[in-house]
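Note sheet for the following structure.
The values are calculated or read from the model by the stated rules, or taken from the named source; none is laboratory data. All values derive from a computational prediction rather than experimental measurement. We place every Cβ from the backbone using ideal geometry, glycine too, and count neighbours over all the protein chains shown. Quick note on the areas: whole protein, heavy atoms, side chains included, nothing else; ligands and nucleic acids left out. Shrake-Rupley method; radii C 1.70, N 1.55, O 1.52, S 1.80 Å.
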Amino acid sequence: MTMKTRLLLKVAGCTGALLLALGVAGPAPALAEVRIDITKGVVEPLPIAITSFAGSGGREAQMGSDISKVVSADLERSGLFRPLDPKGFLQTPDQLRSGEPRYQDWRAVGAQALVAGNTTAMGDGRMKVDFRLWDVAGGQYMQGLSYTATSDSWRRIAHIVADAIYKRLTGEEGYFDTRIVYVAESGPANARKKQLAIMDQDGENHQFLTDGQTLVLTPRFSPTAQEITYMSYFNKKPRVYLFNIDTGRQEVLGDFPGMTFAPRFSPDGNKVIMSMAQNGNTDIYALDLRTRRQTQLTDSPGIDTGPSFSPDGQRIVFESDRGGSQQLYIMGADGSGVKRLTFGEGRYGTPVWSPRGDLIAFTRQRGGSFALGVIRPDGTGERILTESFHVEGPTWAPNGRVLSFFRDVPSGDGRGRSAKLYTIDVTGANERRVITPLDGSDPAWSPLIP
């Protein structure tokens, strides 16, 4: 069985169908829909009622309850929604199986939007899940979608439903049907065991990909979401590996002379960009995955490392100390036109270009403090999102609105520190811990699962 659960069928339909069916008396006047404007920075969470998805009883009812809880948790964790307590609801899930809700009942509990759904066993091991979304404030139907898949896909369907609701109410793509790969850490500080692990973005469906016999570092997702590139040490020498998530197959991309750092994919998935130290100098190279041909992109007396492509593949951001201090620079994908991006105090590093192309995430070290921030590609609008003793490893959700990173926090015994994973939105107002079985570092966020 592959790690990625594939939906057997996804049926999209009935968006606006109820309004059309009720429109026999003539066109209704246009109504202002409930909408979250996430371009305004900090947003007051939208009160939303999410009922348990109705089922005929037993397994269907339990699965419907589980799906609604995952949908609710996804939306709440985004910081844009405030799911209401179901104990106060005045209509039951069964009463919402057909027809419109009693809008006055949902306004009475403070809801501005309402979600209801059904789960139906198909008899062949598959299930059908449908949901409907209403604008309570405006008293109108907004959207309905239906999905058919194997019954063990229920959690993934819940994430897809949450994505659909997120997109309908914000106008932006969701990010819930995604995964995060990271380095799971355990053991004493002087003999740290590091292995690759993968999980859903909410920390569920956790699996280890490597056994921890060799040290692994800096995993990165391919744009196809099927492969991961990462570093490992073999006979004390760094290697760059390609790992296929579905098959578990590992492939060595190369034994490179000198030290190799931070491999990342190009947006088309055909290249890996990295830095290598040769003859005492560290520069950035691109490796064509089809021909295995290396191309040197930088040639400076400083240390050039941490490269990341722009989403259109035309530019690269990287860190360098060529100017005397560690700062961020931008150049063309062929290494031309190098331009300094940051001029602030402290050391800037680990730049990552947003999938939207509008921001570059970075970390900054100044004195004894680390910070995670964002800056526009033209060098303006620098903002710090969070700051503490040590934050590192930013990675973007595919919608470019949320970042994951890791932070060193005091260990439970009070004698040291341990690494934990977090997420934060681009306003810096919604920071959340991601629970993992072991310590976690170097997260990498996948694209939406195909």
Under 15 Å from LYS128, Cα to Cα: aspartates and glutamates that are on another chain or at least 8 residues apart: GLU60, ASP66, ASP152
Segments 85-97, 117-129 sorted - mean Cβ within 10 Å per residue, highest first: 117-129, 85-97
Highest average packing first - 435-444, 276-285, Cβ atoms within 10 Å: 435-444, 276-285
For the chain, the spread of Cα positions along each principal axis, largest first, Å: 78, 50, 46
Prolate/oblate/rounded label for the stretch 31-186 (Cα gyration tensor, a/c 1.5): oblate
Folded to 0 to 90 degrees: helix 59-77 orientation relative to the chain principal axis, Cα: 50
Assigned charges on the beta-carbon of Lys, Arg, Asp, Glu; the chain dipole about Cα centre (debye): 440
Gyration tensor (alpha-carbon) shape descriptor, the stretch 179-445, a/c threshold 1.5: rounded
Extreme residue, positive dipole direction of the stretch 179-445, given options ASN190, THR395, MET331 (C-beta unit charges): ASN190
Cα gyration tensor, the stretch 99-186 - rounded (a/c under 1.5), prolate or oblate: oblate
Structure-based [θ]222 nm, the chain - -39500 (n - 2.57) summed over DSSP H runs of at least 4, per residue, nearest 500: -3000 deg cm²/dmol
Surface per residue (accessible, 1.4 Å probe) for the chain, Å²: 44
Mean separation of Cα contacts under 8 Å (6+ apart) over length of the stretch 307-377, as relative contact order %: 25
In degrees, nearest ten, helix 154-170 long axis to first principal axis of the chain (Cα): 90
Of THR229, THR247, THR298, the one that fluctuates the most in a GNM where the chain has Cα springs shorter than 10 Å: THR247
